[in-house]
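Note sheet for the following structure.
The values are calculated or read from the model by the stated rules, or taken from the named source; none is laboratory data. A quick note: this is a predicted structure, and the numbers were derived from the prediction, not measured. When we count neighbours, we look across all protein chains shown, and the Cβ atoms used for this are built from the backbone with ideal geometry, even at glycine. Surface accessibility is based on the protein's heavy atoms, side chains included, excluding ligands, DNA and RNA. Shrake-Rupley method; radii C 1.70, N 1.55, O 1.52, S 1.80 Å.
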Amino acid sequence: MELSVIARIRTDFPHKFGLPRQSGLIPELKGVIRFEPPYRSPDAVRGLEQFSHVWLLWGFSDGFASDRGNGTRAFSPTVRPPRLGGNERIGVWATRSPNRPNPIALSAVRLDRVDADAPGGPVLYVSGIDMTDETPIYDIKPYLPLADCIPDAVGGFADRAAGDRLTAELPDEIARSLTPEERSAVLALLRSDPRPSYQRDEEREYGFVYAGYEIRFRVRENCARVERIFPANEPNQED
């Protein structure tokens with residue numbers, strides 16, 4: 001079976017650290033989908049503007065999952081979900097872990113706008129993303145509330161751990177370089193606790209790249225506080 005990359009999404013995340021663990025959790029996170037040359041047809045998106053959300057079938061980048069070093073993906077029947085603190089093993093098919101045989105992911109995102117006549121082919125503007133920059137997209141399908149929404153569905157262990165895990169602080173004197181929307185997104189990301197589940201050192205400074213900036217923070221007494229922000233493409237003299 002061969003999959004064709006039909007499009008790629010541009011986002012503000014060059015790396016996976018800091019990304020929300022599911023799509024739709026942080027509406028402020030935006031993405032722009034541009035189609036590959038064979039699929040740049042306005043006819044292909046005709047009618048898509050009628051839908052509020054779409055499904056994206058996409059591929060995990062190399063940074064998401066491990067392999068054996070010979071191009072084949074390593075398989076483990078159990079994984080440690082971050083939702084359970086990384087301390088409990090669950091069957092891989094009962095999770096959405098990227099560590100699975102085929103590097104395929106599925107995300108439901110809001111379709112903010114369709115620009116069918118954009119230079120270079122149609123462009124889709126979406127929000128609530130959970131993908132790194134230049135992630136390959138294999139398929140796009142409209143989200144159908146009639147078929148895709150199951151009101152009485154049960155979410156297993158994920159339901160028990162839902163919601164914000166931390167409070168967050170972004171001092172005004174540090175956040176001047178960010179737009180109001182970017183500030184809101186950073187606070188939402190911090191509240192979701194982007195740290196690895198096995199790291200809880202209150203003295204450790206963590207960092208992720210978002211919107212061209214390195215965001216450095218510490219977590220103390222369940223509060224994530226941004227310590228400093230600097231352009232990601234400039235060397236940091238304190239490191």
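Which of Trp93, Pro122, Leu106 sits closest to the plus end of the dipole of the stretch 91-140, meaning its Cα is farthest towards the positive end, when Lys and Arg get +1 and Asp and Glu get -1 on the C-beta?
Of the listed residues, the answer is Trp93.
Between exposed chymotrypsin sites (Phe, Trp or Tyr not before Pro) in the chain, where DSSP calls loop and at most 12 other Cβ atoms lie within 10 Å, what's the longest gap? Spell out each step's value before the answer.
Numbers: sites that count: Phe75, Tyr198.
Longest run free of exposed loop sites: 76-197.
Taking the Cα centre as origin and putting +1 on Lys and Arg beta-carbons and -1 on Asp and Glu beta-carbons, what dipole magnitude results for the chain, to the nearest 20 debye? Don't jump to the answer; show the numbers that get you there.
Numbers: 31 positive and 36 negative charges, 145 e Å.
Its charge dipole is roughly 700 debye.
Normalised by the number of residues in the chain, what is the relative contact order in percent for Cα pairs under 8 Å and 6+ residues apart? Let's see the in-between values first.
On the way: 443 pairs, mean separation 63.9, N = 239.
Result for the chain is 27 percent.
Of the heavy-atom accessible surface of the chain (probe 1.4 angstrom), what whole percent is carbon and sulfur? Write down the numbers at each step before the final one.
Numbers: 6680 of 13750 Å².
Answer for the chain is 49 percent, counting heavy atoms of protein chains only.
Could you work out which residue, out of Pro38, Pro101, Pro196, moves most in a Gaussian network model of the chain, that is, has the largest mean-square fluctuation with Cα springs under 10 Å?
Largest GNM mean-square fluctuation: Pro38.
State in Å² the accessible area per residue of the chain; use a 1.4 Å probe, count heavy atoms of protein chains only, and round to the nearest integer. It would help to have the intermediate numbers written out before the result.
Working: 13750 Å² over 239 residues.
Result: 58 Å² of accessible area for each residue.
Return the tail of the calculated pair distribution for the stretch 103-161, meaning the percent of Cα-Cα pairs more than 19 Å apart.
Numbers: 848 of 1711 pairs.
Counting pairs separated by more than 19 Å, the tail of P(r) holds 50 percent.
Over the stretch 76-202, consider all pairs of different Cα atoms and compute the Kirkwood hydrodynamic radius from their mean reciprocal separation; express it in Å, one decimal.
The answer is 18.3 Å.
Run through the stretch 118-198 and list the GluC sites (Glu not before Pro) located in a DSSP loop whose Cβ has at most 16 other Cβ atoms within 10 Å.
Those satisfying the criteria are Glu134, Glu173.
From zero outward in steps of 5 Å, how is the percent of C-alpha pairs of the chain spread across the bins?
Calculated over all Cα pairs of the chain, the distribution is 1, 6, 12, 16, 17, 17, 14, 10, 5, 2, 0 percent.
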